[in-house]
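Let me begin by presenting the structure, written as structure tokens, before commenting on it.
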Amino acid sequence: MNSTIKSVLVLLVTLGIGVAIGAMLWATVHNMQMERTRSLRDREELSKRIENAIVPQDESQREQVHAIVVTYHSRLTDIYRESSRSVRNAVDSLRVQLGDVLDEAQLERLDDWLRANRRSGSRNSSRNSSQGDSDRSGNQ
């Protein structure tokens with residue numbers, strides 16, 4: 001093997017490693033951001049984050065902030081549920097309309113993809129319900 005081929009192979013391997021590392025870093029950062037967003041569904045975590053941002057002056061103010069967060073957490077949870085329900089309905093409508101256009105093999109691949117995405121969503125919601133949101137309907 002001559003030196004030109006070796007140089008090209010080394011460059012290609014280096015490029016491949018760089019792409020793989022970049023993809024892993026992007027996935028890690030993305031997962032951390034998603035986990036941080038999901039954690040805000042937990043009442044205590046939301047309260048802690050707000051308290052860390054504002055630094056309450058004393059315990060009395062901390063308790064008042066916590067009481068307000070608890071009140072709004074319920075409302076935010078309801079909004080999240082409604083949003084999730086709307087997304088599910090839109091995806092179901094999309095699937096129905098695509099059913100008129102796609103062949104059987106394509107529909108099967110689409111259904112597999114939809115099932116996989118719904119499973120990951122229900123895993124996240126079941127984890128959140130085990131963290132204190134036991135009033136969730138489970139329709140994620």
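At a glance:
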{"item": "Every residue from segment 1-38 that is within 27 Å of L76 (Cβ to Cβ) and among the aliphatic types (A, V, I, L, M)", "result": "V29, M32, M34"}
{"item": "Test for V69: is it of a type in the set (V, I, T), surrounded by 10 or more Cβ atoms within 10 Å (Cβ to Cβ), touching a Pro at 6+ places or on another chain (Cβ under 7 Å) and free of Cβ contacts under 8 Å to residues at least 60 places away in the same chain", "result": "no"}
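Every read-out reported here was derived from the displayed coordinates using simple, explicitly stated rules and does not represent laboratory data. These figures come from a predicted structure and were not determined experimentally. All Cβ positions, glycine included, derive from the backbone under ideal geometry; neighbour counts span all protein chains shown.
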